[in-house]
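Engineer: One structure coming up, written as structure tokens, with questions to follow.
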Amino acid sequence: MDRLDTYLTDGTITRVAKDKPPTTQAIRHLRQENVAFTGHLYTYVEKGGTTVSARELGVDEHRVIKTLVMEDEHRSPLIVLMHGDRQVSTKELARIIGAKQITPCTPETAHKHTGYLVGGTSPFGTRRQMPVYMEEGIAGLPEIIINGGKRGYLVQMAPAELIRVLKPTLVKVGI
């Protein structure tokens, strides 16, 4: 079953999904920035993560990018973008950014900062502007798939578009 929609930089829809794609704050932000992307609906599984979404879409989990909301010792939030099949070395990230400690935010705190529920967190259109750190290997992929701001909805795009819009700091913290 083909459940996708494609948006071009002029805002036109070239294919409409059988299930209506959500219009989230992330999608509004992408359209405002004229980002070319393809939306993918899939059946969300609680705590399934990128393993389930990659399987549902039939793609390599390495191409599915996690949006992780973390905080430093002062409780200042930040976003980390990581390959779906990797974890973040919080010690290495703290060392790189000059923090004493980096820890994942609780789901409630992540929601407060982003406006998104865990499992549907997108780096685009967050409630609060935060620094974004991206695993450097993501930039070398031909295309990435990242959350579109709702559980069960991912968007596919060139990493260059993500870099253009978010201006992340590239880091090497994947383990």
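Please treat every number below as a calculation from the coordinates, not as lab data. Remember, predicted model here, so these are calculated numbers, not experimental data. Because the Cβ atoms are built from the backbone with ideal geometry, glycine has one as well, and the counts that use them run over all protein chains shown.
Engineer: Restricting attention to the range 20-59, which trypsin sites (Lys or Arg not before Pro) occupy a DSSP loop and are surrounded by at most 12 other Cβ atoms within 10 Å?
Structural biologist: 47
Engineer: Looking at the range 43-90, which GluC sites (Glu not before Pro) are DSSP coil and have at most 11 other C-beta atoms within 10 Å of their C-beta? Write down the numbers at each step before the final one.
Structural biologist: Details: sites: 46, 56, 61, 71, 73; in loops: 46, 73.
Here the sparse-neighbourhood loop sites are 46, 73.
Engineer: I've got another one for you. Nothing charged except the Cβ atoms of Lys and Arg (+1) and of Asp and Glu (-1): what's the magnitude of the dipole of the range 12-109 about its Cα centre? Round to the nearest 20 debye.
Structural biologist: The dipole magnitude comes to about 240 debye.
Engineer: Net charge within 10 Å of residue 89 by Cβ-Cβ distance, Lys/Arg positive one each and Asp/Glu negative one each, not counting residue 89 itself? Don't jump to the answer; show the numbers that get you there.
Structural biologist: Details: positive: 86, 91, 95, 172; negative: 92.
Cβ neighbours under 10 Å give a net charge of +3.
Engineer: Using a basic spin-label model with each label point 7 Å from the Cα along Cα→Cβ, how many nm lie between residue 106 and residue 163?
Structural biologist: Computed distance between label sites residue 106 and residue 163 equals 3.8 nm.
Engineer: Please identify the helices of the chain, taking whole runs of DSSP H, that span at least 27 Å along their own axis as judged from the Cα atoms and have a mean Kyte-Doolittle score of 1.6 or higher. Display every interim value, and only then the final one.
Structural biologist: Numbers: long enough: none.
Correct list, ordered by number: empty.
Engineer: Counting each DSSP H run of 4 or more residues in the chain as -39500 (n - 2.57), what helix-only mean residue ellipticity at 222 nm follows after dividing by all residues, to the nearest 500 deg cm²/dmol? Mind dumping the intermediate values first?
Structural biologist: Details: 5 runs with 41 residues, N = 175.
Rounded to the nearest 500, it is -6500 deg cm²/dmol.
Engineer: Also: Determine the relative contact order of the range 4-171: mean sequence separation of Cα pairs under 8 Å and six or more apart, normalised by residue count, in whole percent. Write out the running numbers ahead of the final one.
Structural biologist: Working: 341 pairs, mean separation 41.3, N = 168.
That works out to 25 percent.
Engineer: I would also like to ask the following. In the range 75-154, which trypsin sites (Lys or Arg not before Pro) are in a loop and have at most 10 other Cβ atoms within 10 Å, using DSSP for the loop call?
Structural biologist: Filter output for the range 75-154: 75, 100, 128.
Engineer: Something else: Which of the lysines could a cross-linker span from residue 47 if the Cα-Cα distance has to be under 25 Å and same-chain partners fewer than 8 positions apart are dropped?
Structural biologist: 20, 66, 91, 112, 150
Engineer: Which cross-chain or sequence-distant (5 or more) residues have an amide H under 5 Å from the amide H of residue 169, H modelled 1.01 Å from N in plane?
Structural biologist: Amide H to amide H, under 5 Å and 5 or more residues apart or across chains, residue 169 pairs with 132, 133, 134.
Engineer: Could you please state, rounded to a whole Å, how far the C-alpha centre of the range 112-141 is from the C-alpha centre of the range 48-71?
Structural biologist: 13
Engineer: With the cut-off at 1.5 for a/c, could you classify the range 4-171 from its C-alpha gyration tensor as rounded, prolate or oblate? Write down the numbers at each step before the final one.
Structural biologist: Details: a/c = 1.63, a/b = 1.58, b/c = 1.03.
It comes out prolate by the Cα gyration axes.
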